[in-house]
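This report refers to the structure that appears directly beneath it.
We did not get these values from a lab; they are worked out from the coordinates using the rules stated. Please read these numbers as outputs of a predicted model, since none were measured by experiment. Reconstructed Cβ throughout: ideal geometry from the backbone, glycine too, with neighbour counts over all protein chains shown.
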Amino acid sequence: MAEQRRNQRPSRDGGRAGRPDSGKPQGRGSTSSGTPRSSERSTERSKKWTPGSDSAPKSGDRRGPKRDDRPARSGDRPARSGDRLARSGDRAGRKSDWKRPSDSQADRTKEQALYDGPELPAEITGAELDRAITAQLKGLPEKLAQRVARHLAAAGALIDEDPETAYQHTLAARARAPRLAVVREASGEAAYAAGHYAEALAELRAAKRMNGATAYLPIMADCHRALGQPAQALKLAKSPSVPNFSPEAKAEMTIVEAGARRDLGQLDAALRTLELAPLQSKSRAPWVVRLRYAYADTLETAGRLSDALTWFHRTYGIDSEQITDAAERAEALEKRLEQS
């Protein structure tokens, strides 16, 4: 499976003003004038502080007015008995009130659900992946790498029988490691298998930008076909890297190119494209089976029924894994020929 990947604190105004210039710090028992604080307290208690009065606290006077004597500010709400948590003991007693009851917990957002992904089977450990894939995950923190590996392994196990769930696993991996090509590649392949062609095209393009690989081109070209863009598929089919593809990848691109020609109504060009491929190969590999099947199907579409029947039989003869329905197509075509 595939694709690499892929991260303030406001200053506070109004710091405390400096202390009055006084040479040395004053002792706890005296004021700046040297008068004992105890003798002043009775006088201060009898005075009620008001804005602008001489008894207003000066900058740096830590004592300030009593809380009850502080003037109300605009927007202040009146103090009420029991309005605030009194002391740390009360706070500790109310800690349990902070958590919302389970029956009123908010549902997880779409992004959170995507990040979590489907439930991972206990038997999936991530060790199922090829070493080349796990090597690309080594740059991640250990626990993160293991989680991504498990999602990729789960996707690989499900892609044939449940491609949609496999795709969701790759999305969970992508949410954690969006900058790894192997993760984006896996996401693209799973999206393609699940029929999400636009998403598959975007993911494989991202993977190609990251690692420069061209092996994705046949799938990308087929995505263009599925999206009604056969001309774009043909452009990819003519990419300079295609002649250097492996036989299997080259056969896949040939099939897509012929399909794009058919989409454009160019049946003769589609047949010529397939006839240049190794249809007569003695190999029984799946790519040969697929080439022959595509040729037989195009012949039938072009109205060359006898030739199509021949190639359906040739396809069925090497399709030991039954990856096509060549046998059924041959039987149906024989009936048509008998009735004509």
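Compare the peptides 260-266, 159-165 by average per-residue count of other Cβ atoms within 10 angstrom and give them in order, highest first.
Descending packing order for the listed peptides: 260-266, 159-165.
Can you work out ³J(HN,Hα) from phi for every residue in the stretch 314-322, in order, using Karplus 6.51 cos²θ - 1.76 cosθ + 1.60 and θ = phi - 60°, giving whole Hz and x for Gly and Pro?
5, 5, 4, x, 10, 8, 5, 8, 6
Which of rounded, prolate, oblate describes the stretch 236-305, given a ≥ b ≥ c as roots of the alpha-carbon gyration tensor eigenvalues and a/c under 1.5 marking rounded, otherwise prolate only if a/b is larger than b/c?
Since a/c reaches 1.5 but b/c is at least a/b, the shape of the stretch 236-305 is classed as oblate.
Go through the stretch 106-192 and name the trypsin sites (Lys or Arg not before Pro) that are in a DSSP coil and have 13 or fewer other Cβ atoms within 10 Å of their Cβ.
ARG108, LYS138
Give me the one-decimal nm value for the distance between modelled label points at LYS143 and THR125, 7 Å along each residue's Cα-to-Cβ direction.
2.0
Can you work out the Karplus-derived ³J(HN,Hα) for every residue in the stretch 190-199? Use 6.51 cos²θ - 1.76 cosθ + 1.60 with θ = phi - 60°, whole Hz, and x for glycine or proline.
In residue order, the calculated couplings are 5, 4, 5, 5, 8, x, 9, 6, 5, 5 Hz.
What pairs in LYS250/LYS282; LYS138/LYS250; LYS208/LYS238; LYS208/LYS235 have C-alpha atoms more than 21 Å from each other?
Going by Cα-Cα distance, LYS138/LYS250 fall outside the 21 Å limit.
In debye, nearest 20: dipole of the stretch 278-340 around its Cα centre with unit charges on the Cβ of K, R (+) and D, E (-)?
For the stretch 278-340, the charge dipole is close to 280 debye.
Can you tell me the order of 113-119, 295-301, 273-279, 240-246 when each peptide is scored by its average per-residue count of other Cβ atoms within 10 angstrom, highest first?
Highest mean packing first, the order is 295-301, 273-279, 113-119, 240-246.
Could you quote the convex hull projected area for the stretch 139-214, Cα atoms only and averaged over all directions, in nm²?
Taking the Cα atoms of the stretch 139-214, their convex hull projects to 4.6 nm² on average.
Given points 7 Å out from each Cα along the Cα-Cβ axis, report the ASP268 to ASP116 separation in nanometres with one decimal.
Spacing of the two 7 Å Cα→Cβ label points: 6.0 nm.
Based on the Cα atoms of the stretch 205-340, what semi-axes does the equivalent ellipsoid have, where each is the square root of 5 times one gyration tensor eigenvalue, given in whole Å with the largest first?
Output for the stretch 205-340: semi-axes of 28, 17, 12 Å.
Taking square-rooted eigenvalues a ≥ b ≥ c of the alpha carbon gyration tensor, is the stretch 278-340 rounded, prolate or oblate, where a/c under 1.5 means rounded and, failing that, a/b exceeding b/c means prolate?
Here the stretch 278-340 falls in the prolate category.
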